[in-house]
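Structure record follows, encoded as structure tokens.
What follows is calculated from the coordinates using simple rules that are stated; it is not laboratory data. The shown structure was predicted, so the numbers you read here are calculated from the model rather than taken from an experiment. Glycine gets a Cβ as well: all are built from the backbone with ideal geometry, and neighbour counts include every protein chain shown.
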Amino acid sequence: MRVYIPTTLAGLAEAHKAGHIGPAPLDAFAVTPGLREWYVSDDIEELEYAALTRAAQFSLRLLAAHPDVPRRRVVIAVDVADTAVAHDPDRGLDPGVLGEVRLSGEVRLSEAAAVHVDADDAERDVRAAADAVGAADTGDDDARFTVDGAEDHELLWYATQEIPNLIG
């Protein structure tokens, strides 16, 4: 199963140094039955993009919690065994946890399929969105507009061999 693990550039640097993403359990996003039902699509690429987008939204929350790290969303795509992934089917259609899964163990960074990262030109909008995410959660429409603005930027795809250049 392909899972999308949200992090930051600092988190990616830590994972690169340690050789693994962890510690467990890890929050991630994947194509769950709830996500599949919510998006009403059978196209696996569309569904995986939706899971990637959910992970990018969570990465934005990590940036909000860590104002000292570079303002670029980061998502690590990893293929793991289905048995390593758990999700709560009772909350499957809750928009707040749509596609959310939990990994029971650490993931070796060498098992990553790719890394998705904002381009440099997204930093201004991502910074504003990270600053506004708390207000957006309380119902501030202007803040929600700002947060949604970060999603106007597509995450770029990088091979795992490019990680040293991303964090260096």
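Details
- Full-extension gain in nm, Glu151 to His66, via 0.36 nm per residue minus C-alpha separation: 28.7 nm
- Here Ala159 and Asp88 are evaluated by their C-beta separation; at R0 = 30 Å the FRET efficiency comes out at 0.35.
- The packing ranking, built from the mean of other Cβ atoms within 10 Å per residue, places the peptides 46-56, 152-162, 65-75 in the order 46-56, 65-75, 152-162, highest first.
- Normalised by the number of residues in the chain, the average gap of Cα pairs under 8 Å and 6 or more apart makes the relative contact order 29 percent.
- The simple Förster model, with R0 at 35 Å and r as the Cβ-Cβ distance, assigns Ala10 and Asp42 a FRET efficiency of 0.40.
- Label zone at Asp79 (point 7 Å along Cα-to-Cβ), backbone N below 12 Å, the range 1-41: 1-3
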